[in-house]
Amino acid sequence: MITTGCCGWSESHGKYFQDFGVIEVQETFYQPAKVGKYEKWRAEAPSGFEFAVKAWQLITHEPRSPTYRRLANPIAEEKAGCYGSFRPTEEVFAAWQVTTRTAEALQANIILFQCPASFAPTSENKKNLTGFFTNIQRDSHILIWEPRGDWQDNDVQAICRDLDLVHCVDPLKSRAVAGEIRYFRLHGLPGYNLSYKYSDEDLQLLLTTADLSTVYVMFNNFSMLDDALRFQRLI
């Protein structure tokens, strides 16, 4: 089964619920809102509609990231070393608690951890990854990891196997090497080019990458609504 959606609301909520079966919530990465907002979204959504939650950036990204500008409360300079890169700090684990409360409000099974390219495969980062995912209360959530640095397939495969993670890729650029489901995020071609509009040939090729029984295809480019609808018509 291929489930198609967008990374963020690309049309009104009511129309989106008619067109798609899943959405990846983006604001939870930048600045999660109060739980009541997400409970309202869940109540509005039809039965069977899925929400995927993007984990708060305080877990994955360091304060030097420009995305931190969207925080409601700026990080104090003396606390900068307590955030990001899955560090074993109270601040990072508190951000996980916020993320899980959001997921519970949306009744979301999927939580995505998107890492910046600066999160390289160093021994410290691997240690932090292991420490984080072995110490959190994950309940029944499916945890998706999207590495963007210079990670080798054998490292990704071993980490995902040991920590029970699903490897997230753009399948038109690289191959997923771990996970019992597929979770694809499409950011444009070549590289990271959000202005890219997928051609019919791209979408036909994308269809051939669905190599498991459960596949999520999430578009994350400026023309994501049109591209996602066109891809859905191919399925």
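A short reminder: the numbers here are calculations on the coordinates, not readings from a lab. The model shown is predicted, which means the values in this text are computed figures rather than measured ones. Cβ: placed from backbone, ideal geometry, glycine included. Neighbour counts: every protein chain shown.
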Quick check: the angle from helix 224-234's long axis to the longest principal axis of the chain, C-alpha only, nearest 10 degrees?
50 degrees
I want to verify a result. In a Gaussian network model of the chain, Cα cutoff 10 Å, which of these has the top mean-square fluctuation: Arg182, Arg87, Arg101?
Arg101
Which of Gln57, Gln204, Gln26 moves most in a GNM of the chain, Cα contacts under 10 Å?
Gln204
Distant-in-sequence amide H partners of Gly179 (H built 1.01 Å from N, under 5 Å)
His167
Report the label-to-label distance for Gln26 and Glu90 in nanometres (one decimal), using points 7 Å from each Cα along the Cα→Cβ vector.
3.4 nm
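Among Val217, Val92, Val177, Val35, which comes first, second and so on when ranked by fewest other beta-carbon atoms within 10 Å? Walk me through the numbers on the way to the answer.
Details: Val217 25, Val92 22, Val177 17, Val35 14.
Sorted ascending by nearby Cβ count, the order is Val35, Val177, Val92, Val217.
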Once phi is turned into θ = phi - 60°, what whole-Hz ³J(HN,Hα) does the Karplus curve with 6.51, -1.76 and 1.60 give for every residue of segment 112-119, x standing for Gly and Pro?
9, 10, 9, 9, x, 4, 6, 7
For a quick check: sort Leu206, Leu186, Leu172, Leu71 by the number of other beta carbons within 10 angstrom, fewest at the front.
Leu71, Leu172, Leu206, Leu186
Could you tell me how many degrees, from 0 to 90 and to the nearest 10, lie between the Cα long axis of helix 35-44 and the main elongation axis, the longest principal axis, of the Cα atoms of the chain?
20 degrees
Rounded to whole Hz, the Karplus (6.51, -1.76, 1.60) HN-Hα couplings of segment 63-68, x for glycine and proline:
x, 6, 5, x, 5, 5
Over the chain, calculate the relative contact order: mean separation of alpha carbon pairs under 8 Å at least 6 apart, over the residue count, as a percent.
20 percent
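Over 18 Å apart: what share of the alpha carbon pairs of segment 8-54 falls there, rounded to a whole percent? Provide the component values of the computation, followed by the final result.
On the way: 246 of 1081 pairs.
Cα-Cα pairs of segment 8-54 separated by over 18 Å account for 23 percent.
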With θ set to phi - 60°, apply the Karplus curve 6.51 cos²θ - 1.76 cosθ + 1.60 along segment 154-171 and write out the HN-Hα couplings as whole Hz, x wherever there is a Gly or Pro.
5, 5, 4, 4, 5, 5, 5, 5, 5, 9, 6, 10, 9, 7, 9, 9, 8, x
Calculated P(r) tail over 26 Å for segment 119-235, as whole % of Cα pairs:
26 percent
Principal axis dimensions, largest first and in whole angstrom, of the chain by Cα:
50, 42, 33
On each of the three principal axes the extent of the alpha-carbon atoms of segment 61-100, given in whole Å and largest first, is 22, 19, 15
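Give me the dipole magnitude in Debye, nearest 20, for the chain about the Cα centre, with unit charges on the beta carbon: positive for Lys and Arg, negative for Asp and Glu. Don't skip to the answer; put the middle values down first.
Values: 24 positive and 29 negative charges, 77 e Å.
Using Cβ point charges on Lys, Arg, Asp and Glu, the chain gives about 360 debye.
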Please identify, among Arg161, Arg185, Arg64, the residue showing maximal mean-square fluctuation in a Gaussian network model of the chain using a 10 angstrom Cα cutoff.
Arg64
Taking Lys34, Lys126 and counting other beta carbon atoms within 10 angstrom, the fewest-first order is Lys34, Lys126
